[in-house]
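Once you've had a glance at the structure underneath, I'll fire off some questions.
The values are calculated or read from the model by the stated rules, or taken from the named source; none is laboratory data. Being a predicted model, the structure only gives us computed values, none of them experimental. FYI the Cβ positions are ideal-geometry reconstructions off the backbone, even for glycines, and counts take in every protein chain you see. Protein only, heavy atoms only, side chains kept; ligands, DNA and RNA dropped before computing areas. Shrake-Rupley method; radii C 1.70, N 1.55, O 1.52, S 1.80 Å.
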Amino acid sequence: MFASLSKKRIEAVPILLADLERLVARLPAKQRAALIWSPEAVRKALLQLHREPLSRMAVAEVGLEVFRSFHRCWPLLMEFLRAPEVLRAELSAAWQEKVLLLRSAVVDPAVADAAEWAFRSLSAFFDFFLSVAANEVMEGLPAFDERELERTLTEDGPGCIFRTQVLLMAILEGAAGKMDSGRAEELAVMAFMEASSALNALAREGIRLDPFRGETSEQRTRRILRYSEFARGSLSDEALEVLASARVHGLR
Amino acid sequence: MSAPCLLDACTISNFLRRDARQRFPELVGRIENIIREHGACVSVVTSYELRRGLRCLELRGEGQKRLARTSLFLQEVTAFGLDANGGKGWDVAVEIYAQAQARTPAVTISEGDLLTVATAIAHSRVLCTTDEKLATLLQGIGLGEYVDFLPLE
């Protein structure tokens with residue numbers, strides 16, 4: 001789920017199926033054979049989101065398969081987390097590639113921005129998670145509780161960030177293939193909605209994550225003005241009336 | 001350079017109208033300048049108004065893609081609260097309400113507008129509004145320096 005850890009600075013990127021496969025491929029044959037996981041099962045689960053009706057429940061079901069497999073790879077992930085310098089450059093490049101791939105999967109530029117926003121939010125979350133929980137993460141394999149995971153995947157709060165990961169994985173899994181761009185947009189919009197719910201939930205706990213940490217004020221302004229153009233084209237006069245009628249007049 | 005300000009809900013709504021660039025080019029230009037200089041800032045009350053409006057649209061079946069486009073912008077809007085500095089915003093609201101009620105005849109401000117302007121004052125900001133009635137009303141009770149009326153025409 002995350003990678004690249006150093007004593008001075010922690011950087012995290014969401015790990016996708018292809019990343020795990022690449023890491024596994026680098027293991028000596030004996031270690032590789034001992035790892036019980038099935039990338040095909042994960043891929044098959046993700047592909048369900050390319051064709052079946054989308055719902056939080058459907059994403060949660062796929063997430064169960066995804067995180068079950070990730071859990072089996074936990075010792076492997078820890079090994080790479082202990083030697084981050086080996087992968088730092090590669091993961092940094094991979095991060096950019098993933099953003100570009102994600103954006104290329106959708107046609108609508110607003111949805112491409114929404115997908116990138118979700119991806120950066122997920123990255124910011126893992127960054128934060130490792131910064132506060134690095135020691136616990138490195139200590140060892142947490143017990144896998146399928147029922148607990150199932151509950152988490154269907155609820156608000158932390159569940160939103162897990163579903164964001166699953167949805168982004170599904171888009172990226174299909175981006176290089178023949179996934180319909182309409183479905184990719186549906187997945188991206190859902191990923192954005194889940195990611196914004198996750199960040200809002202964290203903000204309520206006093207944890208404010210910035211998906212665009214490090215951007216200059218000029219870049220930020222350009223981005224916000226671009227978002228305002230997208231918003232301007234999206235609401236009908238009737239929708240604006242609904243917004244107007246939601247104004248607060250009295251508190252009684 | 002303009003003074004730091006908060007945008008109220010009607011200003012945001014007008015700014016986001018599909019035909020805003022054609023109908024209100026000056027308003028759009030002013031708000032874009034405000035965003036360039038100070039970012040897009042609102043009161044928590046405005047944030048609440050916009051969020052509940054979007055939720056109503058969602059329940060009415062408005063397309064998720066349309067909602068995401070608007071939410072993407074609103075996600076980048078900074079909301080200022082009433083609770084900062086020991087609840088200074090609430091204290092300001094109390095004072096505005098009482099002063100308005102003490103006038104003859106008493107002046108009534110809607111709760112939403114009262115709390116929004118109180119948030120602006122508590123954060124040393126001006127409230128930017130396209131609501132001429134509200135601007136006149138606030139000027140009438142001596143709060144003219146805290147309101148910047150943005151005409152639509």
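Quick check on A:Glu185: is it within 12 Å of chain B (Cβ to nearest Cβ), more than 21 Å from B:Val77 (Cα to Cα) and out of contact with any strand residue (DSSP E or B) (no Cβ under 9 Å at 6 or more places or on another chain)?
yes
Only one of these is of a type outside the set (Gly, Ala, Ser) and out of contact with any Ser or Thr (no Cβ under 6 Å at 6 or more places or on another chain): B:Leu134, B:Leu152. Name it.
None of the others qualify; the one that does is B:Leu134.
Could you look through the range B:76-123, keep only residues that are assigned to a helix (DSSP H, G or I), away from chain A (no Cβ under 14 Å) and in contact with a Phe, Trp or Tyr (Cβ under 7 Å, 6 or more places away or on another chain), and pick out the one that is least open to solvent (accessible area, probe 1.4 Å)?
Only one residue tops the list, namely B:Ala120.
Residue-by-condition table, conditions (1) outside any helix (DSSP H, G or I); (2) within 30 Å of A:Gly182 (Cα to Cα); (3) modelled with pLDDT under 85; (4) under 18 Å from the mean Cα position of the chain (by Cα):
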position: A:Gln48; (1), (2), (3), (4): no, yes, no, yes
position: A:Met57; (1), (2), (3), (4): no, yes, no, yes
position: A:Ser69; (1), (2), (3), (4): no, yes, yes, yes
position: A:Met78; (1), (2), (3), (4): no, no, yes, no
position: A:Arg88; (1), (2), (3), (4): no, no, yes, no
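Further question on the same structure: If a residue has to be at the interface with another protein chain (Cβ under 7 Å from one of its Cβ atoms), farther than 16 Å from B:Phe73 by Cα and among the basic types (Lys, Arg) to count, how many in the range A:212-249 make the cut?
1
Could you please find all residues in the range B:1-30 being within 8 Å of chain A (Cβ to nearest Cβ) and over 18 Å from B:Ser71 (Cβ atoms)?
B:Cys10, B:Ala20, B:Arg21
Kindly list the number of the only condition in (1) acidic (Asp, Glu); (2) over 19 Å from B:Thr129 (Cα atoms); (3) more than 8 Å from chain A (Cβ to nearest Cβ) that fails for B:Glu62.
It is condition (3) that B:Glu62 fails.
Within the range B:31-41, which residues are of a type in the set (Val, Ile, Thr) and more than 7 Å from chain A (Cβ to nearest Cβ)?
Within the range B:31-41, B:Ile31, B:Ile34 meet the criteria.
From the residues in the range A:183-221 that are free of Cβ contacts under 8 Å to residues at least 60 places away in the same chain and surrounded by 12 or more Cβ atoms within 10 Å (Cβ to Cβ), which one is farthest from A:Phe125 (Cα to Cα)?
So, considering only residues that are free of Cβ contacts under 8 Å to residues at least 60 places away in the same chain and surrounded by 12 or more Cβ atoms within 10 Å (Cβ to Cβ), the one farthest from A:Phe125 (Cα to Cα) is A:Thr221.
Is there any pair linking a residue in the range B:24-38 that is over 13 Å from B:Leu150 (Cα atoms) and open to solvent by less than 10 Å² (accessible area, probe 1.4 Å) to one that is among the β-branched types (Val, Ile, Thr) and part of a helix (DSSP H, G or I), with Cβ under 8 Å and at least six apart or on different chains, and which?
Going by the 8 Å Cβ cut-off, the qualifying pairs are B:Ile35/A:Thr221; B:Ile35/A:Ile224.
Can A:Ala58 be described as free of Cβ contacts under 8 Å to residues at least 12 places away in the same chain, in contact with a Leu (Cβ under 8 Å, 6 or more places away or on another chain), within 24 Å of A:Asp145 (Cβ to Cβ) and hydrophobic (A, V, I, L, M, F, W, C)?
So A:Ala58 fits the description; yes.
Test of understanding: among A:Ala175, A:Ala203, A:Ala170, which residue is out of contact with any His (no Cβ under 8 Å at 6 or more places or on another chain) and under 24 Å from A:Leu101 (Cα atoms)?
A:Ala175
When you scan the range A:202-239, how many residues do you find that are aliphatic (A, V, I, L, M), at pLDDT 90 or above and closer than 24 Å to B:Arg60 by Cα?
2
Taking the options A:Met179, A:Met190, name whichever one is modelled with pLDDT under 95 and farther than 30 Å from B:Asp113 by Cβ.
The unique qualifying residue is A:Met179.
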